[in-house]
Structure formats: C-alpha cells, structure tokens
Amino acid sequence: MASSFSWLDYSEQDKRKMLDVISLFNEKTTRDELGVGSVRDALAED
C-alpha cells in the first residue's frame, strides 16, 4: 500500500511553505546539526 497525504490550501503562502517542506524530502545529503556524528566517530575509534 502506497503512502499519501493531502492538505487544504488556504493561501498562496501556505502552498509555498508546504511545497518547500515537500522539496526537502528530495535532498540526498545528510546533516549533523547537533554534532553527534563527531561523538559517534570518536567512540567508534576505540
């Protein structure tokens, strides 16, 4: 079964915000905004 979602479009600004959020799912890069990757890497070296 495929997943789907929908929303009611109240304004052009709301539409733009939602399309911006959806476009984030197409990004193939990763981020480590909290910096936990460096902690993980340090623990993995032991």
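Within the chain, the trypsin sites (Lys or Arg not before Pro) that combine a DSSP coil assignment with at most 10 other C-beta atoms in a 10 angstrom radius are 28, 31. Computed over the chain, the P(r) tail beyond 13 angstrom holds 73 percent of alpha carbon pairs.
Only the coordinates and a few stated rules stand behind these numbers; no lab work does. Source: prediction; values computed, not measured. Don't worry about glycine lacking a Cβ; one is built from the backbone with ideal geometry, like all the others, and counts go over all protein chains shown.
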